[in-house]
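What follows is one structure encoded as structure tokens, with my remarks underneath.
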Amino acid sequence: LAWPSSEIAVMGAKGATAILYRDLTPEETQQKLEEYEDLLCNPHMAAKRGFIDDIVEPRDTRGRLCDELDALYHKELKNPEKKHGNIPL
């Protein structure tokens, strides 16, 4: 889950554009920074790629988290029994 204002990125937009576009003038770098923020630094792209499940409004967060945790609480795992134990060597 993510809020609409969240930033899903490994690196901030300013640092990324400084590395990617280091040969450009400061004005061109600023333009690339704005493009980068609009295109990649939002949860919509992360949701489109499957990195997050849903985008929720902050006021709906508590209810959604409770629903998700309740689903996990009642989940039954169906893992196979261990075939082998750890033998001391």
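The values are calculated or read from the model by the stated rules, or taken from the named source; none is laboratory data. All of these numbers come straight from a predicted model, not from anything done at the bench. Note that we place each Cβ from the backbone using ideal geometry, even for glycine, and neighbour counts take in every protein chain shown. Note: accessible area is taken over every heavy atom of the protein model, side chains too, but ligands, DNA and RNA are not part of it. Shrake-Rupley method; radii C 1.70, N 1.55, O 1.52, S 1.80 Å.
Which one is least open to solvent (accessible area, probe 1.4 Å) among residues in the range 3-21 that are more than 15 Å from MET45 (Cβ to Cβ) and in contact with a helix residue (DSSP H, G or I) (Cβ under 8 Å, 6 or more places away or on another chain)?
So the residue we want is THR17.
Just one of (1) over 22 Å from the mean Cα position of the chain (by Cα); (2) at pLDDT below 85 trips up THR25, so point out which.
Every listed condition holds for THR25 apart from (2).
Of the residues that make up the range 59-67, is at least one in contact with an Asp or Glu (Cβ under 9 Å, 6 or more places away or on another chain), under 16 Å from LEU1 (Cβ atoms) and at pLDDT 90 or above?
Just the residues of the range 59-67 that are in contact with an Asp or Glu (Cβ under 9 Å, 6 or more places away or on another chain), to begin with: 64.
The next check asks that each one be under 16 Å from LEU1 (Cβ atoms); those that pass are 64.
Remaining after also requiring at pLDDT 90 or above: 64.
There is at least one residue in the range 59-67 that is in contact with an Asp or Glu (Cβ under 9 Å, 6 or more places away or on another chain), under 16 Å from LEU1 (Cβ atoms) and at pLDDT 90 or above.
Among the residues of the range 27-37, are any among the hydrophobic types (A, V, I, L, M, F, W, C), touching a strand residue (DSSP E or B) at 6+ places or on another chain (Cβ under 6 Å) and open to solvent by less than 70 Å² (accessible area, probe 1.4 Å)? Give the steps one after another, and end with the answer.
First, the residues of the range 27-37 that are among the hydrophobic types (A, V, I, L, M, F, W, C): 33.
Adding the requirement that they be touching a strand residue (DSSP E or B) at 6+ places or on another chain (Cβ under 6 Å) leaves none.
Within the range 27-37, not a single residue is among the hydrophobic types (A, V, I, L, M, F, W, C), touching a strand residue (DSSP E or B) at 6+ places or on another chain (Cβ under 6 Å) and open to solvent by less than 70 Å² (accessible area, probe 1.4 Å).
Answer yes or no: is there a residue in the range 18-40 that is in a helix (DSSP H, G or I) and touching a residue at least 40 places away in the same chain (Cβ under 8 Å).
At the first step, the residues of the range 18-40 found to be in a helix (DSSP H, G or I) are 18-20, 26-40.
Pick out the ones that are also touching a residue at least 40 places away in the same chain (Cβ under 8 Å) and you get none.
No; the residues of the range 18-40 include none that is in a helix (DSSP H, G or I) and touching a residue at least 40 places away in the same chain (Cβ under 8 Å).
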